[in-house]
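Inspection log for the structure reproduced underneath, given as structure tokens.
FYI, it's all coordinate maths here, none of it is from the lab. All figures in this text were calculated on a predicted structure; none of them were measured in a lab. Neighbour counts run over all protein chains shown; Cβ positions are idealised from the backbone, glycine included.
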Amino acid sequence: MSLFTPFRAIPRGVTIGMGLAVWALVLGLWAAVTYGGRVPQMFLPAPGKVLATAGKLAADGTLWMHTWASARVVLTGFALSSVVAVPLGLYMGTYRLVQAGLEPLVNFIRYLPVTSFVPLFILWIGIGFQSHISVIIFGVFFQQLVMVADAARAVPRDLVNAAYTLGTTRGETVRQIVFPYTLPAVLDVLRVTMGWAWTYLVVAELVAARAGLGYISLKAARGFQVDIIFLAIAMIGLLGLLTDQGFRLARRLIAPWAETLR
């Protein structure tokens, strides 16, 4: 069947239908085990209870305040990390001298657990917004650096050699060949690492937070308010999905030529 042919495109209607079907299956199972009494609601709240909690917190503005607090932490930390990691990663992947100097240290640091540095960030930076964004930066910076460097190393050498043949300088080759060629891959790296940034949110808001989705989730855990925990998780997932779609759209607008290669 053509629908099961590897890499073959499928109609958009089938794509949307499959996505909706899987969501309906997950929500149906959730409703079945909660409304059917198979799982106590103190452990797994019913979908209706989570929606009611969302409506209540949205009506008094609490939900939007915490959502904005979390989005501010993630977006600020991610932006600061990307501004440095992208150009440095491109140079690291292009120049062997830069790679030789940075790669051993970067490959060591990127395997260190982010949670173990939270006490150090508090000692060095203090508590508050700065320490929160530091967790996001530490969580994504070194991953971005390695992935962007790998994208730069994937530039075909024939393109570089052709540029030299036409008389371009080394600096011009990097700016006019390497950077444009890696642009679609860099956007993909940013899209993937933005997802990681959202996963570090709860860790970032673990200590001395006064607002945020991670904060209300940890606070709700102390009072067994599982519906609020589920709501916070759902909001983080929704925000992550929105940023993911934003990067997909940016890729189509900024690097439309790359879409034809898929």
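Numbers below:
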{"read-out": "Of ALA185, ALA204, ALA163, the one that fluctuates the most in a GNM where the chain has Cα springs shorter than 10 Å", "value": "ALA163"}
{"read-out": "Highest-fluctuation residue, GLU103, GLU172, GLU205 considered, GNM on the chain with Cα pairs under 10 Å", "value": "GLU172"}
{"read-out": "Rounded, prolate or oblate (a/c below 1.5 giving rounded, otherwise prolate when a/b exceeds b/c) for the chain by Cα gyration tensor", "value": "oblate"}
{"read-out": "Mean Kyte hydropathy of 1.0 or more with a Cα span along the axis of at least 15 Å, helices from DSSP in the chain", "value": "12-35, 62-94, 129-153, 226-254"}
{"read-out": "Taking ASP158, ASP150 and counting other C-beta atoms within 10 Å, the order from fewest to most", "value": "ASP158, ASP150"}
{"read-out": "The range 140-174-the range 43-96 distance, computed between alpha-carbon centres (Å)", "value": "32"}
{"read-out": "Highest-MSF residue in the chain out of VAL186, VAL33, VAL106 [GNM, Cα springs under 10 Å]", "value": "VAL33"}
{"read-out": "Reciprocal of mean inverse Cα separation for the range 68-130 (Kirkwood radius, Å)", "value": "13.9"}
{"read-out": "Top positive-direction residue, dipole computed over the chain with Cβ charges, set ALA255, LEU97, LEU159", "value": "ALA255"}
